[in-house]
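Here's the structure, in structure tokens; my notes come after.
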Amino acid sequence: QTLLDIALLDDLNDAFPDACTPTVVSLTSDDFVVNQDYNGTTDENLLAEVDENRLRVGDKGAVLLTVNVADCDNDDTQFFNSATAEAVSPGDTDVEDESNDGSDPDPDGDEPTEINIEPTALIGLAKREVSTTVNVDGSFDVVFEFNLENFGNVALSDIAIFDNLNDFAFPAPCDVEV
């Protein structure tokens, strides 16, 4: 038993108000043939209308959609979006399901996906000792590694790392040279 004529409909105009401009950046799938003309406004079907877009019993598939959202009013930072899957069963019965938030499909659920586009700046820093070498004069060469990660959703600039070795890592009477 196989579901045929699968369609995946997502109207981006329903998710974003008129002040916002959603633009499709990319649409891909390893499991389905995607509709290269999908724009989320006048063409709402993410999948191409081809025979290859079908699902056997127990099969599943994924589609990745990247959308750029611009020109929103600064007060509009939270939106909700739903998609609809449609198909035809072997007995020519139409079936459909509205999307659920998350990664697990549920034919009985229809909870919209929450989209938050509020700019958030967040940085993480980790420091570790890579190696320590004892020198002939009894001093030590210590190599540190610093790893930075941007955990926010905006680009960061003017990044600096401050490391006060004299106060914490090597307090007096140690003498630190960099």
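The values are calculated or read from the model by the stated rules, or taken from the named source; none is laboratory data. Given the structure is predicted, the values throughout are model-derived calculations rather than measurements. In this analysis, Cβ positions are derived from the backbone assuming ideal geometry, glycine residues included, and neighbour counts consider all displayed protein chains. To get the accessible areas, we keep the full protein, side chains included, count just its heavy atoms, and leave off ligands, DNA and RNA. Shrake-Rupley method; radii C 1.70, N 1.55, O 1.52, S 1.80 Å.
Name the single residue that is surrounded by the fewest Cβ atoms within 10 Å (Cβ to Cβ) among those in the stretch 88-98 being in contact (Cβ under 8 Å) with a residue 60 or more places away in the chain and in contact with a Ser or Thr (Cβ under 9 Å, 6 or more places away or on another chain).
Applying the filter and picking the extreme gives 90.
Of the residues 157, 82, 131, 103, which is in contact with a strand residue (DSSP E or B) (Cβ under 6 Å, 6 or more places away or on another chain) and either surrounded by fewer than 12 Cβ atoms within 10 Å (Cβ to Cβ) or of a type in the set (Asp, Glu) (or both)? Show your work before the answer.
Numbers: 157 fails: in contact with a strand residue (DSSP E or B) (Cβ under 6 Å, 6 or more places away or on another chain); 82 fails: either surrounded by fewer than 12 Cβ atoms within 10 Å (Cβ to Cβ) or of a type in the set (Asp, Glu) (or both); 103 fails: in contact with a strand residue (DSSP E or B) (Cβ under 6 Å, 6 or more places away or on another chain).
Checking each option against the conditions leaves just 131.
Any idea which of 41, 23 is in contact with a helix residue (DSSP H, G or I) (Cβ under 7 Å, 6 or more places away or on another chain) and farther than 21 Å from residue 97 by Cβ?
41
Going through the stretch 1-14 one residue at a time, which ones are assigned to a loop (DSSP other than H, G, I, E, B) and of a type outside the set (Asp, Glu)?
1
Those residues that are loosely packed, with under 14 Cβ neighbours inside 10 Å and charged (D, E, K, R), I need them from the stretch 52-68; list them, please.
52, 56, 59, 60
Considering the stretch 15-51 alone, what residues qualify as being part of a strand (DSSP E or B), open to solvent by 50 Å² or more (accessible area, probe 1.4 Å) and closer than 16 Å to residue 62 by Cα?
28
Would you be able to tell me the number of residues in the stretch 71-91 that are closer than 24 Å to residue 102 by Cα and part of a strand (DSSP E or B)?
Counting residues in the stretch 71-91 that are closer than 24 Å to residue 102 by Cα and part of a strand (DSSP E or B) gives 8.
Kindly provide the set of residues from the stretch 69-79 that are within 21 Å of residue 14 (Cβ to Cβ) and surrounded by fewer than 15 Cβ atoms within 10 Å (Cβ to Cβ), ordered by number.
70, 71, 73, 75, 76, 77, 78
Any residue at all in the stretch 115-124 that's surrounded by 13 or more Cβ atoms within 10 Å (Cβ to Cβ) and within 20 Å of residue 16 (Cα to Cα)?
yes
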